[in-house]
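Below you'll find the structure, written out as structure tokens, and then a few comments.
The values are calculated or read from the model by the stated rules, or taken from the named source; none is laboratory data. What you are looking at is a predicted structure, and each value in this text was computed from that prediction instead of being measured. Positions of Cβ are backbone-derived with ideal geometry, glycine not excepted, and every protein chain shown enters the neighbour counts. Areas reflect the complete protein model, heavy atoms only, side chains present, ligands, DNA and RNA absent. Shrake-Rupley method; radii C 1.70, N 1.55, O 1.52, S 1.80 Å.
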Amino acid sequence: MASEHKILHGIGVCAGTASGPLALVREAPGVDEHEPACTDPAADTERVKAAMEAVVASLKARAEKTTSDKSRAVLEATAQLAGDRGLAKAITKRLKAGDGVTHAVYNAVEGYAEMLKKLGGYMAERVTDLHDVRNRTICELRGLPAPGVPDITTPVVLVARDLAPAETATLNPETVLGVITEEGGPTSHTAILAAQLGIPAAVKVSGVLESVAEGDTIALDGGVGEIIVSPTEEEAGQLAERSRRRAAALAGSSGEGSTRDGFKVKLLANIGTVADAEAAAKFDLEGSGLFRTEFLFLGRETAPTLEEQTDTYTKVLQAFGDRRVVVRTLDAGADKPLAFANLGEEENPALGVRGLRLSQRREDLLDTQLQALANAYEATHGDLWVMAPMVATVEEAEWFANKVRALGLPKVGVMIEVPAAAIRSAQVLSVVDFASLGTNDLAQYTMAADRLKGELANLLTPWQPAVLNMIKAACDGGKATGKYVGVCGEAGGDPLLALVLAGLGVQSLSMAPKKVNAVRAALRLHDMSTCQQMAAYAVDARTAADARAAVIALADPMLLDLL
Ligand code: PEP
Ligand code: MG
């Protein structure tokens, strides 16, 4: 029997609607409470080893099958964790202490996860992957079917407590109509990967698991985060109508980004690899506004060589031809630790030696990177802009600018993602050519709220008037100095916020390539004077909700179809 009709709300993380039968993602079964204690550690080590090898093989087989580079990278990274020698040793230690096989795996992984959590940031995010490895290994040892996404042959809406990155990355948008999770946050892997795949998704939908059963019909609006269990015919019709309207609002979105009255706002892509660059370059967009070069450095034992970096940057510039490419130098440090630049553990990694601060202590790393960029520029003469992450002071900006200019590179800038740089942006901008606003970190530091914590989502939204104040301060600095200011944080990909940012004077918006069409359509619906009025109302609003409501009230009604 179908579950009772119910409407639930969560956080919409990928716009679009979906409706269909739901499939539940199998939860992990946990340890075998009745298993015997270990009496032969050598034999049990072999058993666990065989189980983990089977897990590695199945993850690798899935990696080979997928057509997406991102999915492959996630699956391979998870397989690598499953083959980690440190983890295998920790399991043997537990077996020697008498744990049964599933308990040994469970306990050893817990210890390992604690260590990753302490490292914070990027490493802490790997904990979900590690738990995925644990659950798969325990199922293998217990002879149970693997947990997670069932085999899908007909289109379904997936409902899960949470999804491991390896699971999300391999979803096929043709058979997975939508994704709904009980837990997770807007910056979780699930959210980011679903958006990359373009699958409508909502996270943090409290109570969804107890409200549904396998096979129920469920409808989802991934824009507003609304879920309808057993929708009525009328509701299903309304949703289908929304979907038609969205397609109509997006139809014909092409060409340069500009407001209705012709004020240009460049639409750019956020990228992290050569493959990203090549994929993004196929979209109708104007270049890349953020190349996160740390992807080239993370998870490696030694720094990439000058030749390797030259080759990568050359390929990225070639992919975009004469379109702009804004390269951000290495943004690593305590939260994205590098094995070859380990400056020790920090109590507060987000406030530690990261970004440009690390580059100042490991100047050799930065110098090699800048030389590689100079070589790539020499080879391509592309429209290369170079910027530094996590700049807080004028001295830092000046130090960086001097280095970049000494190499003859054409444009040097800074990220504005620290409040200190936002409120002193005129001074900071006076020593560089441009600034790009990192709204993710700017929100984190303005609101003193960890950006990885889903439960702080309400504080972290760039609609918070305090964050908008910071953005305005940075833009005012741009106007005062006549310098260029763009945005490359997630805020740039929200069609509604894009209008506010344009109204504040932002000249480019950089985002996941799939978001460009909706942002372009939103800009084309409005004049600059309306954008400016929206910006003024939003900055003056009392609360984040008031700010958003004020902007919606001034927007063209068709804009709602894009959200
Ligand atoms: C930001 O902080 O907004 C940003 C774009 O940089 P990252 O997300 O890589 O920290
Ligand atoms: Mg940042």
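Things to note:
- Only one of the numbered conditions (1) in a helix (DSSP H, G or I); (2) open to solvent by 10 Å² or more (accessible area, probe 1.4 Å); (3) within 28 Å of Gln369 (Cβ to Cβ) is violated by Gly477, and that is (2).
- Set Ala275, Ala303, Ala376: member being crowded, with 19+ Cβ neighbours inside 10 Å and either in contact with a Gly (Cβ under 8 Å, 6 or more places away or on another chain) or in a helix (DSSP H, G or I) (or both): Ala376
- Residues located in region 423-449, provided they are more than 13 Å from ligand 2 (Cβ to nearest atom), in a loop (DSSP other than H, G, I, E, B) and not basic (Lys, Arg): Ser430, Val431, Val432, Asp433, Ala448, Ala449
- With respect to the conditions (1) within 14 Å of ligand 2 (Cβ to nearest atom); (2) in a helix (DSSP H, G or I), Leu452 falls short on a single one, namely (2).
- Close Cβ contacts (under 7 Å, 6 or more residues apart or on different chains) running from residues in region 464-488 that are of a type in the set (Lys, Arg) to residues that are open to solvent by 40 Å² or more (accessible area, probe 1.4 Å) comprise Lys483/Asp433.
- Of the residues examined, Ala491 is one that is free of Cβ contacts under 8 Å to residues at least 60 places away in the same chain and in contact with a Pro (Cβ under 9 Å, 6 or more places away or on another chain).
- Residue match in region 334-348 (condition: in contact with a strand residue (DSSP E or B) (Cβ under 7 Å, 6 or more places away or on another chain) and either assigned by TED's automatic domain parsing to the domain that holds Leu437 or within 16 Å of ligand 1 (Cβ to nearest atom) (or both)): yes
Residues checked against (1) at pLDDT below 80; (2) among the aromatic types (Phe, Trp, Tyr); (3) surrounded by 16 or more Cβ atoms within 10 Å (Cβ to Cβ):
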site: Ala57; (1), (2), (3): no, no, no
site: Arg62; (1), (2), (3): yes, no, yes
site: Thr67; (1), (2), (3): yes, no, no
site: Lys70; (1), (2), (3): yes, no, yes
site: Ala73; (1), (2), (3): yes, no, yes
site: Gly86; (1), (2), (3): no, no, no
site: Lys89; (1), (2), (3): no, no, no
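- Residue count, region 487-507 (criterion: within 22 Å of Arg323 (Cβ to Cβ), open to solvent by less than 10 Å² (accessible area, probe 1.4 Å) and more than 19 Å from the chain's Cα centre (by Cα)): 3
- Meeting the requirement of 3 or more residues that are over 24 Å from Leu171 (Cα atoms) and open to solvent by 20 Å² or more (accessible area, probe 1.4 Å), the helices (runs of 4 or more DSSP H) wholly within region 182-253 are 233-250.
- Residue within region 546-559 that is assigned by TED's automatic domain parsing to the domain that holds Lys264, modelled with pLDDT under 95 and open to solvent by 10 Å² or more (accessible area, probe 1.4 Å) present: yes
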